[in-house]
Amino acid sequence: MLDGNRLHRGQNKWSAETRIWSEAQTNKRQLDSELTALLEGKPVRQNVTVQAAVEEWLKFKEQNRIGIKKAKLMSDKLVAWCKENDVIFLTALTPERAMRFRTSLPYRTGDSSSLSVHWAVITGFFSWAVGMGYIEKNPSPDTRIFPQFRIKYEQREVVPPTKQEMEKVLATATGRVGVLVRLMRESGMALVDAHKFGMCVADGEKYGVSKPERRPIVQDRTLIRGNRTKTNERYRVRISQSLAEQLEALGTPAFPDTYVKWREDVNKVIRESGVRMTPHGFRHYRITELLAAGVRVEDAADMVGTSPKEIRKTYRHWIKEAEDRLDEVQRQAWLAQGLDKNGNPKADQVQSDENGDPQPNRFQ
(Lines give C-alpha, C1' and ligand atoms only; values in the text may rest on other atoms or scores of the structure.)
Protein backbone atom coordinates (compact mmCIF):
# COMPACT_ATOMS: atom_id res chain seq x y z
CA MET A 1 0.00 0.00 0.00
CA LEU A 2 1.41 3.41 -1.01
CA ASP A 3 1.64 6.18 1.54
CA GLY A 4 0.34 9.66 0.72
CA ASN A 5 3.75 11.19 -0.04
CA ARG A 6 4.79 8.35 -2.38
CA LEU A 7 1.44 8.51 -4.16
CA HIS A 8 1.72 12.28 -4.55
CA ARG A 9 5.26 11.97 -5.96
CA GLY A 10 4.07 9.28 -8.34
CA GLN A 11 1.19 11.43 -9.56
CA ASN A 12 3.50 14.38 -10.13
CA LYS A 13 5.93 12.21 -12.09
CA TRP A 14 3.11 10.76 -14.22
CA SER A 15 1.71 14.25 -14.84
CA ALA A 16 5.13 15.61 -15.87
CA GLU A 17 5.78 12.65 -18.18
CA THR A 18 2.33 13.13 -19.76
CA ARG A 19 3.02 16.80 -20.43
CA ILE A 20 6.44 16.03 -21.92
CA TRP A 21 4.89 13.38 -24.17
CA SER A 22 2.10 15.76 -25.22
CA GLU A 23 4.58 18.52 -26.00
CA ALA A 24 6.72 16.11 -28.00
CA GLN A 25 3.72 15.01 -30.04
CA THR A 26 2.73 18.65 -30.67
CA ASN A 27 6.27 19.48 -31.77
CA LYS A 28 6.39 16.43 -34.05
CA ARG A 29 3.12 17.39 -35.76
CA GLN A 30 4.36 20.94 -36.21
CA LEU A 31 7.67 19.77 -37.69
CA ASP A 32 5.90 17.33 -40.03
CA SER A 33 3.61 20.13 -41.20
CA GLU A 34 6.51 22.48 -41.84
CA LEU A 35 8.52 19.80 -43.67
CA THR A 36 5.55 19.11 -45.94
CA ALA A 37 5.12 22.84 -46.61
CA LEU A 38 8.84 23.18 -47.34
CA LEU A 39 8.79 20.31 -49.84
CA GLU A 40 5.77 21.87 -51.56
CA GLY A 41 7.55 25.22 -51.81
CA LYS A 42 5.21 26.95 -49.39
CA PRO A 43 6.45 29.52 -46.83
CA VAL A 44 7.07 28.04 -43.40
CA ARG A 45 5.51 29.91 -40.47
CA GLN A 46 7.57 30.75 -37.43
CA ASN A 47 7.28 28.58 -34.36
CA VAL A 48 5.95 31.27 -32.03
CA THR A 49 4.77 30.26 -28.59
CA VAL A 50 1.59 31.67 -27.12
CA GLN A 51 3.64 33.25 -24.33
CA ALA A 52 6.06 34.97 -26.73
CA ALA A 53 3.25 36.20 -28.99
CA VAL A 54 1.34 37.65 -26.05
CA GLU A 55 4.40 39.50 -24.77
CA GLU A 56 5.08 40.93 -28.22
CA TRP A 57 1.42 41.97 -28.62
CA LEU A 58 1.38 43.81 -25.29
CA LYS A 59 4.62 45.58 -26.17
CA PHE A 60 3.13 46.57 -29.54
CA LYS A 61 0.05 48.03 -27.85
CA GLU A 62 2.13 49.96 -25.32
CA GLN A 63 4.36 51.43 -28.04
CA ASN A 64 1.26 52.57 -29.93
CA ARG A 65 -0.32 53.99 -26.76
CA ILE A 66 -3.19 51.54 -26.86
CA GLY A 67 -4.61 50.65 -23.45
CA ILE A 68 -3.42 47.29 -22.17
CA LYS A 69 -5.36 46.85 -18.93
CA LYS A 70 -7.93 44.41 -20.34
CA ALA A 71 -5.37 43.07 -22.81
CA LYS A 72 -3.03 42.11 -19.95
CA LEU A 73 -5.88 40.56 -17.97
CA MET A 74 -7.15 38.45 -20.87
CA SER A 75 -3.74 37.44 -22.21
CA ASP A 76 -2.76 36.22 -18.74
CA LYS A 77 -5.89 34.06 -18.73
CA LEU A 78 -5.08 32.74 -22.21
CA VAL A 79 -1.49 31.87 -21.30
CA ALA A 80 -2.61 30.13 -18.08
CA TRP A 81 -5.26 28.12 -19.94
CA CYS A 82 -2.76 27.09 -22.63
CA LYS A 83 -0.29 25.86 -20.00
CA GLU A 84 -3.01 23.82 -18.30
CA ASN A 85 -4.03 22.27 -21.61
CA ASP A 86 -0.54 21.67 -23.07
CA VAL A 87 -0.91 24.25 -25.82
CA ILE A 88 2.54 25.67 -26.49
CA PHE A 89 2.62 27.12 -29.98
CA LEU A 90 0.22 29.72 -31.28
CA THR A 91 -0.51 27.54 -34.30
CA ALA A 92 -1.90 24.88 -31.96
CA LEU A 93 -4.83 27.17 -31.04
CA THR A 94 -7.49 25.56 -33.20
CA PRO A 95 -11.11 26.82 -33.34
CA GLU A 96 -12.05 23.98 -30.99
CA ARG A 97 -9.45 25.05 -28.42
CA ALA A 98 -10.35 28.71 -28.83
CA MET A 99 -13.98 27.91 -28.01
CA ARG A 100 -12.97 25.74 -25.06
CA PHE A 101 -10.96 28.66 -23.73
CA ARG A 102 -13.96 30.97 -24.18
CA THR A 103 -16.14 28.54 -22.27
CA SER A 104 -13.68 28.66 -19.37
CA LEU A 105 -13.99 32.44 -18.95
CA PRO A 106 -15.88 33.56 -15.82
CA TYR A 107 -17.84 36.39 -17.47
CA ARG A 108 -21.59 36.82 -17.62
CA THR A 109 -23.73 36.87 -20.70
CA GLY A 110 -27.50 36.87 -21.19
CA ASP A 111 -28.16 40.24 -19.55
CA SER A 112 -24.56 41.45 -19.59
CA SER A 113 -22.04 42.38 -22.27
CA SER A 114 -19.16 41.29 -20.02
CA LEU A 115 -18.23 38.12 -21.94
CA SER A 116 -18.62 39.87 -25.28
CA VAL A 117 -16.34 42.75 -24.24
CA HIS A 118 -13.59 40.52 -22.85
CA TRP A 119 -13.74 38.03 -25.72
CA ALA A 120 -13.34 40.89 -28.20
CA VAL A 121 -9.94 41.57 -26.61
CA ILE A 122 -8.77 38.03 -27.36
CA THR A 123 -10.11 38.06 -30.92
CA GLY A 124 -8.17 41.29 -31.35
CA PHE A 125 -5.02 39.43 -30.29
CA PHE A 126 -5.77 36.65 -32.78
CA SER A 127 -6.26 39.22 -35.58
CA TRP A 128 -2.93 40.84 -34.69
CA ALA A 129 -1.24 37.42 -34.86
CA VAL A 130 -2.73 36.88 -38.34
CA GLY A 131 -1.39 40.25 -39.43
CA MET A 132 2.05 39.31 -38.11
CA GLY A 133 1.97 36.07 -40.10
CA TYR A 134 2.17 33.88 -36.98
CA ILE A 135 -1.10 32.08 -37.81
CA GLU A 136 -3.02 31.70 -41.05
CA LYS A 137 -6.42 32.77 -39.75
CA ASN A 138 -8.24 33.80 -36.61
CA PRO A 139 -9.15 30.63 -34.67
CA SER A 140 -12.29 32.27 -33.31
CA PRO A 141 -15.17 31.19 -35.61
CA ASP A 142 -16.57 33.94 -37.84
CA THR A 143 -20.04 34.55 -36.38
CA ARG A 144 -21.33 35.80 -39.73
CA ILE A 145 -20.73 32.31 -41.13
CA PHE A 146 -21.35 30.42 -37.86
CA PRO A 147 -23.98 32.50 -36.00
CA GLN A 148 -24.30 29.82 -33.31
CA PHE A 149 -21.03 31.12 -31.85
CA ARG A 150 -22.33 34.68 -31.50
CA ILE A 151 -22.38 35.92 -27.89
CA LYS A 152 -25.94 37.02 -27.28
CA TYR A 153 -27.02 39.35 -24.52
CA GLU A 154 -29.69 41.89 -23.73
CA GLN A 155 -28.49 44.72 -21.55
CA ARG A 156 -30.73 45.65 -18.67
CA GLU A 157 -32.52 48.96 -18.80
CA VAL A 158 -30.86 51.80 -16.96
CA VAL A 159 -32.94 52.80 -13.94
CA PRO A 160 -31.76 56.18 -12.61
CA PRO A 161 -32.10 56.77 -8.85
CA THR A 162 -35.02 58.92 -7.75
CA LYS A 163 -34.65 62.44 -6.38
CA GLN A 164 -35.31 61.14 -2.86
CA GLU A 165 -32.68 58.41 -3.22
CA MET A 166 -30.13 60.91 -4.52
CA GLU A 167 -30.79 63.21 -1.56
CA LYS A 168 -30.29 60.30 0.87
CA VAL A 169 -26.89 59.44 -0.61
CA LEU A 170 -25.72 63.05 -0.63
CA ALA A 171 -26.84 63.51 2.97
CA THR A 172 -24.87 60.43 4.04
CA ALA A 173 -21.58 61.50 2.41
CA THR A 174 -19.24 63.75 4.40
CA GLY A 175 -15.70 65.13 4.04
CA ARG A 176 -13.81 64.64 0.79
CA VAL A 177 -16.03 61.80 -0.35
CA GLY A 178 -18.99 64.14 0.16
CA VAL A 179 -17.44 66.67 -2.22
CA LEU A 180 -16.61 63.90 -4.68
CA VAL A 181 -20.18 62.59 -4.91
CA ARG A 182 -21.51 66.13 -5.21
CA LEU A 183 -19.10 66.69 -8.12
CA MET A 184 -20.41 63.54 -9.81
CA ARG A 185 -23.99 64.55 -9.17
CA GLU A 186 -23.59 68.10 -10.60
CA SER A 187 -21.30 67.28 -13.54
CA GLY A 188 -22.49 63.84 -14.61
CA MET A 189 -18.86 62.68 -14.67
CA ALA A 190 -18.16 59.02 -14.02
CA LEU A 191 -16.14 58.23 -10.89
CA VAL A 192 -13.09 57.27 -12.98
CA ASP A 193 -13.03 60.86 -14.32
CA ALA A 194 -14.21 62.82 -11.28
CA HIS A 195 -11.58 61.44 -8.91
CA LYS A 196 -8.82 62.88 -11.15
CA PHE A 197 -10.03 66.42 -10.42
CA GLY A 198 -7.07 68.74 -9.90
CA MET A 199 -4.48 66.08 -10.78
CA CYS A 200 -1.50 66.76 -12.97
CA VAL A 201 0.02 64.01 -15.12
CA ALA A 202 2.63 63.34 -12.43
CA ASP A 203 -0.14 62.87 -9.83
CA GLY A 204 -1.92 60.47 -12.15
CA GLU A 205 1.21 58.40 -12.58
CA LYS A 206 1.90 58.49 -8.83
CA TYR A 207 -1.54 57.07 -7.99
CA GLY A 208 -1.63 54.70 -10.94
CA VAL A 209 -4.75 56.17 -12.51
CA SER A 210 -5.85 55.13 -15.97
CA LYS A 211 -5.00 57.60 -18.74
CA PRO A 212 -3.94 60.60 -16.58
CA GLU A 213 -3.83 62.76 -19.72
CA ARG A 214 -7.65 62.53 -19.83
CA ARG A 215 -8.14 64.30 -16.51
CA PRO A 216 -10.71 67.12 -16.11
CA ILE A 217 -9.32 70.62 -16.65
CA VAL A 218 -10.83 73.60 -14.78
CA GLN A 219 -11.35 76.92 -16.54
CA ASP A 220 -12.93 80.05 -15.11
CA ARG A 221 -13.46 78.25 -11.75
CA THR A 222 -16.79 76.64 -12.64
CA LEU A 223 -16.14 75.36 -16.17
CA ILE A 224 -14.79 71.82 -16.53
CA ARG A 225 -13.51 70.37 -19.79
CA GLY A 226 -11.97 67.02 -20.52
CA ASN A 227 -12.05 63.73 -22.36
CA ARG A 228 -13.71 60.71 -20.80
CA THR A 229 -11.32 58.03 -19.62
CA LYS A 230 -13.47 55.24 -21.01
CA THR A 231 -14.30 56.52 -24.50
CA ASN A 232 -12.12 59.63 -25.03
CA GLU A 233 -15.28 61.59 -25.87
CA ARG A 234 -15.07 65.28 -25.01
CA TYR A 235 -17.27 66.86 -22.36
CA ARG A 236 -17.87 70.44 -21.23
CA VAL A 237 -19.92 71.17 -18.15
CA ARG A 238 -20.32 73.87 -15.51
CA ILE A 239 -20.66 73.28 -11.77
CA SER A 240 -22.12 75.56 -9.14
CA GLN A 241 -19.94 78.26 -7.58
CA SER A 242 -20.42 76.78 -4.10
CA LEU A 243 -19.09 73.39 -5.29
CA ALA A 244 -16.17 75.12 -7.01
CA GLU A 245 -15.27 76.76 -3.68
CA GLN A 246 -15.44 73.42 -1.88
CA LEU A 247 -13.12 71.87 -4.45
CA GLU A 248 -10.65 74.75 -4.19
CA ALA A 249 -10.57 74.33 -0.43
CA LEU A 250 -9.43 70.72 -0.83
CA GLY A 251 -6.27 71.76 -2.70
CA THR A 252 -4.78 69.82 -5.59
CA PRO A 253 -5.30 67.07 -6.27
CA ALA A 254 -8.73 67.23 -4.65
CA PHE A 255 -8.94 63.45 -4.31
CA PRO A 256 -5.44 62.01 -3.85
CA ASP A 257 -5.06 58.22 -3.89
CA THR A 258 -6.06 55.44 -6.24
CA TYR A 259 -9.30 54.97 -8.13
CA VAL A 260 -9.89 51.72 -6.24
CA LYS A 261 -9.73 53.56 -2.90
CA TRP A 262 -12.28 56.18 -3.95
CA ARG A 263 -14.56 53.57 -5.50
CA GLU A 264 -14.61 51.70 -2.19
CA ASP A 265 -15.34 54.94 -0.29
CA VAL A 266 -18.22 55.90 -2.58
CA ASN A 267 -19.70 52.41 -2.47
CA LYS A 268 -19.51 52.49 1.33
CA VAL A 269 -21.49 55.74 1.42
CA ILE A 270 -24.11 54.28 -0.91
CA ARG A 271 -24.48 51.17 1.27
CA GLU A 272 -24.80 53.26 4.43
CA SER A 273 -27.52 55.38 2.82
CA GLY A 274 -29.61 52.27 2.16
CA VAL A 275 -30.00 53.14 -1.54
CA ARG A 276 -29.48 50.44 -4.17
CA MET A 277 -27.32 51.96 -6.90
CA THR A 278 -23.75 52.06 -8.17
CA PRO A 279 -21.44 55.09 -8.39
CA HIS A 280 -22.54 55.41 -12.03
CA GLY A 281 -26.01 56.25 -10.70
CA PHE A 282 -24.89 59.86 -10.21
CA ARG A 283 -24.25 60.10 -13.95
CA HIS A 284 -27.56 58.46 -14.80
CA TYR A 285 -29.39 60.84 -12.50
CA ARG A 286 -27.74 63.98 -13.91
CA ILE A 287 -28.47 63.06 -17.52
CA THR A 288 -32.14 62.34 -16.85
CA GLU A 289 -32.37 65.54 -14.79
CA LEU A 290 -31.01 67.60 -17.68
CA LEU A 291 -33.43 66.04 -20.16
CA ALA A 292 -36.34 66.46 -17.77
CA ALA A 293 -35.50 70.19 -17.55
CA GLY A 294 -35.89 70.48 -21.31
CA VAL A 295 -32.21 70.46 -22.28
CA ARG A 296 -31.76 69.37 -25.90
CA VAL A 297 -30.44 65.85 -26.34
CA GLU A 298 -27.47 67.14 -28.34
CA ASP A 299 -26.57 69.65 -25.61
CA ALA A 300 -26.87 67.06 -22.83
CA ALA A 301 -24.62 64.74 -24.86
CA ASP A 302 -21.96 67.46 -25.20
CA MET A 303 -22.11 68.24 -21.49
CA VAL A 304 -21.53 64.67 -20.28
CA GLY A 305 -19.44 63.30 -23.15
CA THR A 306 -21.57 60.78 -24.99
CA SER A 307 -23.45 60.56 -28.29
CA PRO A 308 -27.00 61.84 -28.84
CA LYS A 309 -27.84 58.34 -30.11
CA GLU A 310 -26.78 56.82 -26.78
CA ILE A 311 -28.77 59.45 -24.86
CA ARG A 312 -31.95 58.63 -26.79
CA LYS A 313 -31.40 54.91 -26.51
CA THR A 314 -30.59 54.79 -22.81
CA TYR A 315 -32.37 57.59 -21.01
CA ARG A 316 -35.31 59.30 -22.69
CA HIS A 317 -37.90 56.62 -22.01
CA TRP A 318 -37.44 57.17 -18.25
CA ILE A 319 -38.35 60.85 -18.31
CA LYS A 320 -41.94 61.64 -17.35
CA GLU A 321 -41.51 65.32 -18.20
CA ALA A 322 -40.46 64.48 -21.78
CA GLU A 323 -43.55 62.32 -22.20
CA ASP A 324 -45.73 65.15 -20.88
CA ARG A 325 -44.20 67.53 -23.42
CA LEU A 326 -44.96 65.09 -26.23
CA ASP A 327 -48.55 64.81 -25.03
CA GLU A 328 -48.84 68.61 -25.10
CA VAL A 329 -47.42 68.69 -28.63
CA GLN A 330 -50.09 66.19 -29.65
CA ARG A 331 -52.86 68.32 -28.05
CA GLN A 332 -51.64 71.42 -29.86
CA ALA A 333 -51.59 69.50 -33.15
CA TRP A 334 -55.21 68.46 -32.63
CA LEU A 335 -56.23 72.05 -31.88
CA ALA A 336 -54.42 73.25 -35.01
CA GLN A 337 -56.47 70.72 -36.99
CA GLY A 338 -59.67 72.20 -35.63
CA LEU A 339 -60.31 69.32 -33.19
CA ASP A 340 -60.68 69.59 -29.43
CA LYS A 341 -57.82 68.86 -27.01
CA ASN A 342 -58.78 65.15 -26.91
CA GLY A 343 -58.67 64.77 -30.70
CA ASN A 344 -62.47 64.74 -31.14
CA PRO A 345 -64.42 66.93 -33.60
CA LYS A 346 -65.95 70.05 -32.04
CA ALA A 347 -69.75 70.23 -31.78
CA ASP A 348 -70.07 72.72 -34.67
CA GLN A 349 -68.08 70.38 -36.92
CA VAL A 350 -70.55 67.47 -36.62
CA GLN A 351 -73.18 67.02 -39.38
CA SER A 352 -75.73 64.27 -39.97
CA ASP A 353 -75.51 61.74 -42.77
CA GLU A 354 -78.47 60.73 -44.91
CA ASN A 355 -79.63 58.34 -42.18
CA GLY A 356 -79.57 61.04 -39.51
CA ASP A 357 -76.41 59.77 -37.79
CA PRO A 358 -73.97 62.49 -36.75
CA GLN A 359 -70.73 62.50 -38.78
CA PRO A 360 -67.67 64.71 -38.37
CA ASN A 361 -67.26 67.31 -41.10
CA ARG A 362 -63.54 66.85 -41.64
CA PHE A 363 -63.33 69.31 -44.56
CA GLN A 364 -65.30 72.22 -43.14
Practice task
Report relative contact order for the range 285-335 in percent, whole number only (criteria: Cα-Cα under 8 Å, sequence separation at least 6).
Solution key: 37 percent
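May I ask you to list the trypsin sites (Lys or Arg not before Pro) in the range 47-76 that are in a DSSP loop and have at most 10 other Cβ atoms within 10 Å of their Cβ? Mind dumping the intermediate values first?
Values: sites: Lys59, Lys61, Arg65, Lys69, Lys70, Lys72; in loops: Arg65.
Within the range 47-76, the qualifying trypsin sites (Lys or Arg not before Pro) (loop, at most 10 other Cβ atoms within 10 Å) are Arg65.
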Problem - Loop-located GluC sites (Glu not before Pro) in the range 132-189 whose Cβ has at most 15 other Cβ within 10 Å (DSSP) - result: Glu136, Glu154, Glu157
Exercise for the section: Go through the range 249-301 and name the trypsin sites (Lys or Arg not before Pro) that are in a DSSP coil and have 11 or fewer other Cβ atoms within 10 Å of their Cβ. Expected result: Arg276
Problem - Environment charge at Leu58 (Cβ cut-off 15 Å; Lys +1, Arg +1, Asp -1, Glu -1) - result: +3
Problem - More than 24 Å apart - percent of Cα-Cα pairs taken over the range 91-200 - result: 52 percent
Completion exercise
So, relative contact order of the range 131-219 in percent, Cα under 8 Å, 6 or more apart, is 14 percent
Handout entry: Spherically averaged projected area in nm², based on the convex hull that wraps the Cα atoms of the range 88-142
Key = 3.9 nm²
Exercise for the section: Wrap a convex hull around the Cα atoms of the range 185-326, take a quarter of its surface area, and give that in square nanometres. Expected result: 9.0 nm²
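Kindly sort Ile151, Ile145 by accessible area of their heavy atoms, largest first, with the probe set to 1.4 Å.
Largest accessible area first, the residues go Ile145, Ile151.
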Exercise for the section: When a/c is below 1.5 the answer is rounded, else prolate if a/b is larger than b/c, else oblate, so apply that to the range 201-263 with a ≥ b ≥ c taken from the square roots of the Cα gyration tensor eigenvalues. Expected result: oblate
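The values are calculated or read from the model by the stated rules, or taken from the named source; none is laboratory data. A quick note: this is a predicted structure, and the numbers were derived from the prediction, not measured. With ideal geometry, Cβ positions are generated from the backbone for all residues, glycine too; neighbour counts draw on all protein chains shown. SASA here: full protein model, heavy atoms, side chains in, ligands and nucleic acids out. Shrake-Rupley method; radii C 1.70, N 1.55, O 1.52, S 1.80 Å.
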